[in-house]
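Here is the structure we will look at, set down as structure tokens.
The values are calculated or read from the model by the stated rules, or taken from the named source; none is laboratory data. The structure displayed is predicted, hence computed values, not measured ones. Note: ideal-geometry Cβ built from the backbone for every residue, glycine included; neighbour counts use all protein chains shown. Quick note on the areas: whole protein, heavy atoms, side chains included, nothing else; ligands and nucleic acids left out. Shrake-Rupley method; radii C 1.70, N 1.55, O 1.52, S 1.80 Å.
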Amino acid sequence: CVLYKDGTVKCVGQNNFGQLGDGTQTNRTSLVSGTGITNGTKIVGGAGSYCVLLSDSTIKCWGSNSRGQLGDGTTTTRRTEPTLVSGGHSWNEVSAGALHTCGVTTEGVAYCWGDNSYGELGDGTNTDHSTPVLVSGEHTWASVSTGGSDDSPRYTCGVTTTGDAYCWGDNQRGQLGDGT
């Protein structure tokens, strides 16, 4: 998917999970503008899903949702049209991983949602969440970034407004940067 300067989104390619956002599961060989997004400011993609930060500080996501990574309160396998992330937060940042998504609010609070098999949501559990869950700790975040893929370890890192970096989730390849 591509975010244009005018805030619209167009997508092309495989569409088995509705990841083109055009209301279908039809693969496309040329760009299609069926998402209805007209005020996008940032687009991120996961494994079979996309999320767009909108100019009104909301986030809409579509595509694969098997682990709740779209944040709409469901685990409906496929969302073929953009759906609003639950919780009523005002967002400043969004990052989409393979099966989880994270965001930072305009107040600097970090939330994550979706798969939590490795603790990648940062809430101190391994419980999946289909709506945004607060990242533990009392930090003020500047950004978060999700990592991993659907068949490899998943993790999340974030940078606070004071410049400190933190990572959480799976560390079997040393990706958390803590020396272990």
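Here are the numbers for this structure:
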| quantity | calculated |
| --- | --- |
| Every residue from the stretch 91-115 that is surrounded by fewer than 22 Cβ atoms within 10 Å (Cβ to Cβ) and not hydrophobic (A, V, I, L, M, F, W, C) | N92, E93, T105, T106, E107, G108 |
| Residue satisfying condition, being at pLDDT below 85 and either under 23 Å from H89 (Cα atoms) or over 18 Å from the mean Cα position of the chain (by Cα) (or both), within set G158, G177, G148, G163 | G177 |
| Selection status of T76, among the hydroxyl-bearing types (S, T, Y) and modelled with pLDDT under 95 | yes |
| Residue count, the stretch 1-16 (criterion: part of a loop (DSSP other than H, G, I, E, B) and open to solvent by 60 Å² or more (accessible area, probe 1.4 Å)) | 4 |
| Within the stretch 130-180, tally of residues that are among the β-branched types (V, I, T), in contact (Cβ under 8 Å) with a residue 24 or more places away in the chain and buried (at least 19 other Cβ atoms within 10 Å of the Cβ) | 4 |
| Hits in the stretch 46-75 (condition: closer than 26 Å to S117 by Cβ and loosely packed, with under 14 Cβ neighbours inside 10 Å) | none |
| Odd one out for V109 among (1) of a type in the set (A, V, I, L, M); (2) at pLDDT below 95; (3) more than 11 Å from the chain's Cα centre (by Cα) | (2) |
| Residue within the stretch 25-40 that is at positive phi and at pLDDT 95 or above present | no |
| Pairs, first over 17 Å from L53 (Cβ atoms) in the stretch 99-117, second polar (S, T, N, Q), C-beta under 6 Å, six or more apart | L99/Q69; N116/N126; N116/T127 |
| Those residues of the stretch 28-71 which are among the charged types (D, E, K, R) and in a loop (DSSP other than H, G, I, E, B), in sequence order | D56, R67 |
| Test for G45: is it under 16 Å from the mean Cα position of the chain (by Cα) and not basic (K, R) | yes |
| Test: T125 is outside any loop (DSSP other than H, G, I, E, B) and polar (S, T, N, Q) | no |
| Among the residues listed as E107, E93, the single one being at negative phi, charged (D, E, K, R) and part of a loop (DSSP other than H, G, I, E, B) | E107 |
| Any chance S86 is under 21 Å from G40 (Cα atoms), open to solvent by less than 50 Å² (accessible area, probe 1.4 Å), outside any strand (DSSP E or B) and not basic (K, R) | yes |
| Single match in Q19, Q25 (criterion: open to solvent by less than 60 Å² (accessible area, probe 1.4 Å) and either in contact with a Phe, Trp or Tyr (Cβ under 8 Å, 6 or more places away or on another chain) or outside any loop (DSSP other than H, G, I, E, B) (or both)) | Q19 |
